[in-house]
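What follows is one structure encoded as structure tokens, with my remarks underneath.
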Amino acid sequence: MLVRRQGETHYYYLTNHLGHVQGVFNQQGQRIGQYDYSPYGSVGSSNYDLQPFGMSTKRSDFASGLVYFGYRFYMPNLGRWLNRDPLQEQGGINLYAYVNAEPLGYVDPDGKEVVLASICAPNQILDNKKFKNSFDDEVIEVIRQ
């Protein structure tokens, strides 16, 4: 679970197996937000102001609609990367494809490598330096708890 502190207020984020934030709770445990996503990560519906964490617990820029993954930017409304694959053709023939067109079973923790979604379970993230480095320090601190 991801926790964000804003002033004296704490927000608790509940995610699905892909890391998409699905619910936001306050300090009293009341749900204050709920989000639904398309398979490629665009917000389908929301009953709360958008939070900085959304798809794959990555920071989103709501003005541009882009999500930053570390190595490149992702466009959820198009289901494509904005930038070429940093691995070039080693990552596949389509340099802009997101998770090999299988967004419900795979994730890309840093914009560089597609992995099975279950590999990004919390204990696996802490044990794997490559995945650990693709998350903000505050996300890692929450995983440790």
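Points worth noting:
- For Leu116, Leu66, Leu78, order by how many other beta-carbon atoms lie within 10 Å, fewest first: Leu116, Leu78, Leu66
- Size descriptors for segment 49-122: radius of gyration and Dmax over Cα atoms are 12.0, 39 Å.
- Phe73 long-range amide H proximity, modeled H, under 5 Å: Leu82, Asn83
Read-outs: derived from the displayed coordinates by stated rules, not from any lab. All of these numbers come straight from a predicted model, not from anything done at the bench. Cβ coordinates were reconstructed from backbone atoms using ideal geometry, including for glycine residues, and neighbour counts include every protein chain displayed.
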